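The values are calculated or read from the model by the stated rules, or taken from the named source; none is laboratory data. Computed from a prediction, not measured in an experiment: that's the story for all the values here. Positions of Cβ are generated from backbone atoms using ideal geometry, with glycine treated the same way; all protein chains shown enter the neighbour counts. All accessible areas refer to the heavy atoms of the entire protein, side chains included, with ligands and DNA or RNA removed. Shrake-Rupley method; radii C 1.70, N 1.55, O 1.52, S 1.80 Å.
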Amino acid sequence: MASLGAAAAFLLCALLLVQPSAAQKRSYVVYLGEHAHGSQLHDLAAVDLAALEEKAADSHSELLATVLGDKAKAQDAIFYSYTKHINGFAANLDAAEAAEIARLPEVVSVFPNRGHQLHTTRSWQFVGLAGPDGAPRGASWRKAKFGEGVIIGNLDTGVWPESDSFRDHGLGPVPKSWKGTCDKGKDENFHCNGKLIGARYFNKGYISGGGELDGSEYYTPRDSEGHGTHTLSTAGGAPSPGASVFGYGNGTASGGSPRARVAAYRVCYKPVNGSSCYDADILAAFDTAIHDGVHILSVSLGGDGEPYDFFEDGIAIGSFHAVRRNISVVLSAGNSGPKPGSISNLAPWMLTVGASTMDREFPSYVVFNGKRIEGQSLSETSLSGKKPYPMIDSAEAVAAGKAPEEAQICLPGSLDPKKVRGKIVVCLRGSNARVAKGLTVLQAGGAGMVLANDDTSGNEVIADAHVLPATHIKYRDGLILYSYLKSTKSPVGFVEKPVTSVMTKPAPYMAAFSSQGPNPVNPEILKPDITAPGVSVIAAWTRAVAPTDLTFDKRRVAYSTQSGTSMSCPHVSGIAGLIKALHPEWSPAAIKSAIMTTAIDVDNKGESILNASFVPAGPFGHGAGHVWPSRAMNPGLVYDLGPEQYLDFLCALRYNASVLAMFNGEPYKCPEKLPKLEDLNYPSITVVNVTASGTTVKRTVKNVGWPGVYKALVRMPAGVHVDVNPAVLEFKKSGEEKTFEVKFEVKNAKLAQHYSFGSLLWTNGKQFVKSPIVVHTAA
């Protein structure tokens, strides 16, 4: 990264370039760092807190007035003042005003109020926590008291409070440490209880970003989209027996920390210009959640893979302030895969989660020409009778005035009803939503649909609650079906009703949509960190919309299946809650280390975790591997980090020390000898531009278990020699730390090629502390 001075100069140019007119207003976030009073807030009486916040807000108006020339104008322009822990404000400014305030010495950064995107009954069994029916009674759950005493906050689309997943049976009074509230907004029927102990909504940034709030449903924490209810119940929902989607996947739906308290922070709404959640609202929610007293923050949202400077990224800023207050922040990796370097949420203080499958499927077979090909579906309806139906390639049924390319992917209105009526239509995956393709077929009079993957989607098939009989098949199976359609004058076939199947293999494998590494901002930090179940996850749903989220679909369900890194993220949030309950003194970095170093990188066939094309996914797909919570609760050793080490990391990126002091809220000085980026005490090890002369990195591990001796075992990356010194670590007590070095030398450049992967394992014979190794060789 460039120095902050260079970045600020670039920003000033960029702010002027993106605006067609200097007088045109746009919303910006003006970030000033950490409030000096942040550490004192929990000890203040309400009246003192209000006075402090009023003083902070007034200082924001005074600062902006130096640019606008009038305090009243400044107060009108500001629509958020961040007054608790995060210091800054959001305001409507023109480009020249934004550029001018960016020059002030008190300002860390100024950036546009950008929009972001929103990125279960079987999954807890699959990761080794639940019993046969999904009920929370496993030994590891009991050991961690089911997350009791922990508060999980969720930044998302809100919550449906009436869901059974938020019942407060047997939980007792709200913890005394909780400072949050239940803001009903304009919804008098909204309520909180001993489970859902807090709810708030933030929409000013959305409005300023172009969102139109045309109804009272926007002025409430109530979830009108479904996404937030699904994610929050996955992280901390109460056990709910008999959960299913139209009878499929029946079992007990539970959160990872089923006895945790939960709080909903609504920051996302219906998409506008492709974005649902805006930086100004996200920062306001972070600031409030930190003060409210959450222990874990689950954030299933982010960018589309376009990287930003850490100080121009509202999610990175908010999560740093949370981690600084000992709050673990878990985030989704993004749904822009399988493109390399498409990963979102890149900061090292974040725990970033990819998405993979579990060992439950909903097979629905398409039968044609003597073949019976397996697909996936949750269609509520099925084809009548047993006789085959005529079939047609959607590209052969193009409506007048539409292009064949539109018909091929079944865009709305692209199909000719005369050609598809009563037939099974084969649509190609891509561009529009999978369930929307089924609606296109249904509205044109089609009897059913087969959705065939394109080559980028490979073997990733997803069970959706389609509006007509339908199934979703793999790419190679689609080629067979398309070949039959092209070679046969009157093709016929049948789509069978779905069933629920468990213990399927291989599982997990990475979802094609799951965003990939390498890290495009700092390749020295491996992202994603971990993977977790994120395909066809069943969890609580809103009653405001259908499971397909289509206006045409009038069905309403209590539980729905969803896929995305948005679904994998809360799995890890729930597991982080269990670890926090068991080890309340652990830092966010220690919790992250425990989750990463105990992950597994093999599937249920004992082979390497694959991607959707069924080739090894590697660390750029799954990070450290697939989460395994029972091992994470007792990892043996952890790689710990604190705010000072993250600041040293930013110093190594050439950020200005005075700016970092504002970011930190306390005096801070960069080390005289700047650390290497690779030496950040991260649970994974990535080295870049390695040559035959070698590169050495340092790591420090802390014993969080019994005294003992750990030995190093290395799986060598192809073409690279790895030496660990010392290779034996003896710990005499809990809390003791030991430092070691790892040296990398390229021995065979042809074998090492561009990237090479391996692992470092520390073991005492009972515990296995594994770090993925990524080696990037010099050109």
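Among the candidates 263, 285, which residue alone is in a helix (DSSP H, G or I), touching a strand residue (DSSP E or B) at 6+ places or on another chain (Cβ under 6 Å) and not hydroxyl-bearing (Ser, Thr, Tyr)?
Selected residue: 285, the only one of 263, 285 that is in a helix (DSSP H, G or I), touching a strand residue (DSSP E or B) at 6+ places or on another chain (Cβ under 6 Å) and not hydroxyl-bearing (Ser, Thr, Tyr).
Answer yes if at least one residue in the range 429-440 is open to solvent by less than 20 Å² (accessible area, probe 1.4 Å) and among the basic types (Lys, Arg), and no otherwise. Looking through the range 429-440, at least one residue is open to solvent by less than 20 Å² (accessible area, probe 1.4 Å) and among the basic types (Lys, Arg).
If you go through the range 199-237 and keep only what is open to solvent by less than 10 Å² (accessible area, probe 1.4 Å) and among the hydrophobic types (A, V, I, L, M, F, W, C), you end up with 199, 232, 235. Residue pairs whose Cβ atoms lie under 6 Å apart, separated by 6 or more positions or on different chains, with the first residue in the range 633-658 and under 14 Å from residue 595 (Cα atoms) and of a type outside the set (Asp, Glu) and the second in a loop (DSSP other than H, G, I, E, B) and open to solvent by less than 10 Å² (accessible area, probe 1.4 Å), are 635/598; 639/683. Checked against (1) surrounded by 24 or more Cβ atoms within 10 Å (Cβ to Cβ); (2) at pLDDT 95 or above; (3) out of contact with any His (no Cβ under 8 Å at 6 or more places or on another chain); (4) not polar (S, T, N, Q), residue 292 passes all but a single condition, namely (1). Against the condition modelled with pLDDT under 95 and surrounded by fewer than 24 Cβ atoms within 10 Å (Cβ to Cβ), how does residue 303 come out, does it pass? Yes: the conditions hold for residue 303.
Checking each residue in the range 318-344 for being part of a helix (DSSP H, G or I) and open to solvent by less than 10 Å² (accessible area, probe 1.4 Å) picks out 318, 319, 320, 321, 322.
Looking across the range 696-755 at every residue that is polar (S, T, N, Q) and at pLDDT 95 or above, the one that is farthest from the chain's Cα centre (by Cα) is identified as 725. Tell me yes or no: at least one residue of the range 494-503 is crowded, with 19+ Cβ neighbours inside 10 Å and out of contact with any strand residue (DSSP E or B) (no Cβ under 7 Å at 6 or more places or on another chain). Within the range 494-503 (the criterion being crowded, with 19+ Cβ neighbours inside 10 Å and out of contact with any strand residue (DSSP E or B) (no Cβ under 7 Å at 6 or more places or on another chain)), the answer is no, since none of the residues qualifies. Taking first residues from the range 262-276 that are within 17 Å of residue 304 (Cα to Cα) and partners that are aliphatic (A, V, I, L, M), the Cβ contacts under 7 Å between residues at least 6 apart in sequence or on separate chains come to 268/118; 268/301; 276/118. When residues in the range 345-385 are screened for being open to solvent by less than 20 Å² (accessible area, probe 1.4 Å) and polar (S, T, N, Q), 8 of them pass.
A search for C-beta distances below 9 Å between a residue of the range 213-233 that is farther than 28 Å from residue 535 by Cβ and any residue that is assigned to a helix (DSSP H, G or I) and open to solvent by 10 Å² or more (accessible area, probe 1.4 Å), counting only pairs 6+ apart in sequence or on different chains, returns 213/207; 218/207.
Where helices (runs of 4 or more DSSP H) sit wholly within the range 608-724, those with at least 2 residues that are surrounded by fewer than 22 Cβ atoms within 10 Å (Cβ to Cβ) occupy 629-632, 643-652, 657-664.
Conditions tested, residue by residue: (1) over 18 Å from residue 594 (Cα atoms); (2) touching a Gly at 6+ places or on another chain (Cβ under 7 Å); (3) not hydrophobic (A, V, I, L, M, F, W, C).
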site	(1), (2), (3)
690	yes, no, no
715	yes, yes, yes
725	yes, no, yes
755	yes, no, yes
764	no, yes, yes
768	no, no, no
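When residue 165 is tested against (1) among the polar types (S, T, N, Q); (2) open to solvent by less than 10 Å² (accessible area, probe 1.4 Å); (3) modelled with pLDDT under 95, only condition (3) is not met. Every condition in (1) among the acidic types (Asp, Glu); (2) farther than 25 Å from residue 323 by Cβ; (3) modelled with pLDDT under 85 holds for residue 43 except the one numbered (2). Against the test of being surrounded by 24 or more Cβ atoms within 10 Å (Cβ to Cβ) and under 22 Å from residue 367 (Cα atoms), the options 394, 487 yield a single qualifying residue, 394. When the range 366-411 is filtered for residues that are under 30 Å from residue 126 (Cα atoms), part of a strand (DSSP E or B) and either of a type in the set (D, E, K, R) or within 32 Å of the chain's Cα centre (by Cα) (or both), the ones remaining, listed by number, are 372, 374, 375, 376. Within the set 539, 546, the sole residue that is open to solvent by less than 10 Å² (accessible area, probe 1.4 Å), among the small types (Gly, Ala, Ser) and out of contact with any Gly (no Cβ under 8 Å at 6 or more places or on another chain) turns out to be 546. Quick one: what pairs do we get from the range 338-360, first residue over 20 Å from residue 610 (Cβ atoms), second open to solvent by less than 10 Å² (accessible area, probe 1.4 Å) and among the acidic types (Asp, Glu), C-beta under 7 Å, 6+ apart or different chains? If the second residue must be open to solvent by less than 10 Å² (accessible area, probe 1.4 Å) and among the acidic types (Asp, Glu), the pairs left are 351/529; 352/529. Every condition in (1) in contact with an Asp or Glu (Cβ under 7 Å, 6 or more places away or on another chain); (2) under 28 Å from residue 757 (Cα atoms) is met by residue 619 except one, and the failing one is (1).
The residue of the range 246-287 that is nearest to residue 211 (Cα to Cα), among those that are of a type in the set (Val, Ile, Thr) and surrounded by fewer than 24 Cβ atoms within 10 Å (Cβ to Cβ), is 272.
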